[in-house]
Structure formats: structure tokens, C-alpha cells
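Chemist: Here it is: the structure, laid out below.
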Amino acid sequence: MEANKIITLTTDFGLVDPYVSEMKAVILSISPNARIVDITHNISKFNIRMGAFILASALTYFPKGTIHVAVVDPGVGSHRRPLLIETNKGFLIGPDNGLLILAAEKQGIKRVHELTNKKLMLNRVSNTFHGRDIFAPAAAYLLNGVAPLTFGPQTNELNKPVFTKVIKTRKSLFGQVMHVDDFGNIITNIDLDTSYQDLYGKMLKINMSSSKLILKFCKTYSEVQLGELLVTIGSHGFLEISANQNNAGKMLNIQSGDKITVTIPSQTII
């Protein structure tokens, strides 16, 4: 275990209720020296897609050995499994509902364990708050040096929702909107690597729900007029539909989960 002692929390709990503080209290009662970092507690309620995107975006910048606890869990108490995922850079703890998979694959999955060892949970586990009763204790015990294999059996099965998949054809990419951020940037699940840099300045065909657009592929927002829409690669490497000093999400009435097709003229998708 790395010496940084960091546990991060990502939830849809908000900050009005006592839920976040209860999770922190459990962690600190087991591992008093833990450094707890809040990524966010303002994930839209039950929005697994949004939680997965934000977690995968943020964890890149934490030091090796960090333990990430994520709880957006509409299926709490059902047959969905609680998991501990060991990656090449750290650990992810949360429900097997797709919330962890983008982050886990980004860091490189080494091993996955189901959380079944009741000795590493609170004495009383509720049916509705596994964040406090299962996930928080697991993070704290892991920080204290308990080996991952002690938490439960290893598994090779992971829930991979549709939002993790992008379909590629010769000229088109088929994906979906992962998140519309507070600036109105429409962030998709389409990641474009450096091989697409020669497309800057070209026009792309964008189909989203009721919108059919032809937009310029830009490096910066200022390459178009004020208020004008554009396509760009955001700071986390995903294709975004944005507007220069305007809210693209409101302009196009787009929401998380909407489908998107990107067609690149005279370009073969690699």
C-alpha cells in the first residue's frame, strides 16, 4: 500500500443530508490517519453514466495507491455485487453497475474481488446504505493494509453498460452523451487520439436526437464567432460539442444519454 493514505469519495448524495459525513465517520473510525478527498457529491440522482464519467476524469490526477469509493447505486440491496477493483494505479470500490468500469479500464484492471467478508463490514449492514456499511469500511481496511484477497473471491465478470461502447464504421462514429457540464459543454463517450489531429479546421457532420449539424472541428473555442457551436476535444480527451461563450447543452436541448453520430468527410475511421 502506498503511503499517501488518500481515499476519495464520489456520490449522488448531495450535502444536505448526513450520508457523506456518516461515510467519513466510518472511514476515520477504522483508519484515523486517512486523508479523505471529495471528488463530488453532486452527481445527478441515480445517474450512473454521469458518475462514471466524472470518476474516470478525476482519478487520473491522484497519486498511485489512491483508493476511490464511488456510490451512485439505484440497485442497492438487490443482487448487484459490491466490488473491489485493483488497478495498475490504485483501487476502486463500489457497486457493479457500470459506475467503476470506465475508471478501472482507464487505469488498467489487475484483479477484481467481490466484497463478501462480513468481518470487513459494519456489524449491521442496512439494505439501503452500502456506501456507509460496506464500501466505506472496505476502503478504510484496505488503507490499513488488509490484502485485497481477504475481502472476497476474485471474479472476472464486470457489468459493462452501453455507455462504455463506441461503434466505428469507415466514416462514422456512433456514441452517446456522457455528461453536459456546468458550462453547457456536451461531452460524449467518443475519445479521439492524436491520429485525428489532421482533422482540425475541417467540418464534421453531427446527428443528435432532433439536431443535424455541420460543425467546425476546433482546437480552441475562439476559432468560431461568439455564441457559435463547434466540435473540439475536451480536457479529458473526449469529443465535445461546445459553443464559444454560450451553453451548447441549452442551445441544442441535449441531455446525458442522448445518442450521437459523428461523420468525418473523406476520412476512414481507424
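Computed from the coordinates by the stated procedures, all read-outs in this text should not be read as laboratory data. It should be emphasised that the depicted structure is a prediction, and the values quoted were computed from it without experimental measurement. Neighbour counts run over all protein chains shown; Cβ positions are idealised from the backbone, glycine included.
Chemist: Given the residues K205, K171, K165, K212, which is the only one that is within 22 Å of I48 (Cβ to Cβ), out of contact with any His (no Cβ under 6 Å at 6 or more places or on another chain) and of a type in the set (K, R)? Full working, then the answer.
Modeler: On the way: K205 fails: within 22 Å of I48 (Cβ to Cβ); K171 fails: within 22 Å of I48 (Cβ to Cβ); K212 fails: within 22 Å of I48 (Cβ to Cβ).
Exactly one residue qualifies, and that residue is K165.
Chemist: Which count do you get for residues in region 159-192 that are among the aliphatic types (A, V, I, L, M), over 11 Å from G234 (Cβ atoms) and over 15 Å from the mean Cα position of the chain (by Cα)?
Modeler: Number of matching residues: 3.
Chemist: Select, from Q255, Q176, the only residue that is surrounded by fewer than 15 Cβ atoms within 10 Å (Cβ to Cβ), closer than 17 Å to I54 by Cα and touching a Gly at 6+ places or on another chain (Cβ under 9 Å).
Modeler: Details: Q176 fails: surrounded by fewer than 15 Cβ atoms within 10 Å (Cβ to Cβ).
Going through Q255, Q176 in turn, the sole match is Q255.
Chemist: Related question: I'm told R80 meets every condition in (1) surrounded by fewer than 21 Cβ atoms within 10 Å (Cβ to Cβ); (2) in contact (Cβ under 8 Å) with a residue 60 or more places away in the chain; (3) in a helix (DSSP H, G or I); (4) among the basic types (K, R) except one. Can you identify the failing condition by its number?
Modeler: (3)
Chemist: Residue by residue through region 196-252, note down the ones that are β-branched (V, I, T) and either buried (at least 16 other Cβ atoms within 10 Å of the Cβ) or touching a Gly at 6+ places or on another chain (Cβ under 7 Å) (or both).
Modeler: Taking region 196-252 first, the residues β-branched (V, I, T) are 206, 214, 220, 224, 231-233, 241.
The answer is I206, V224, V231, T232, I233, I241.
Chemist: Where the second residue is outside any loop (DSSP other than H, G, I, E, B) and among the basic types (K, R) and the first is closer than 15 Å to K212 by Cα and lies in region 227-249, which pairs have Cβ atoms under 6 Å and are six or more apart or on separate chains?
Modeler: Close Cβ pairs satisfying both conditions: L230/K216.
Chemist: Given G108, G98, which one is within 22 Å of H236 (Cβ to Cβ) and free of Cβ contacts under 8 Å to residues at least 24 places away in the same chain?
Modeler: Matching residue, one of G108, G98: G108.
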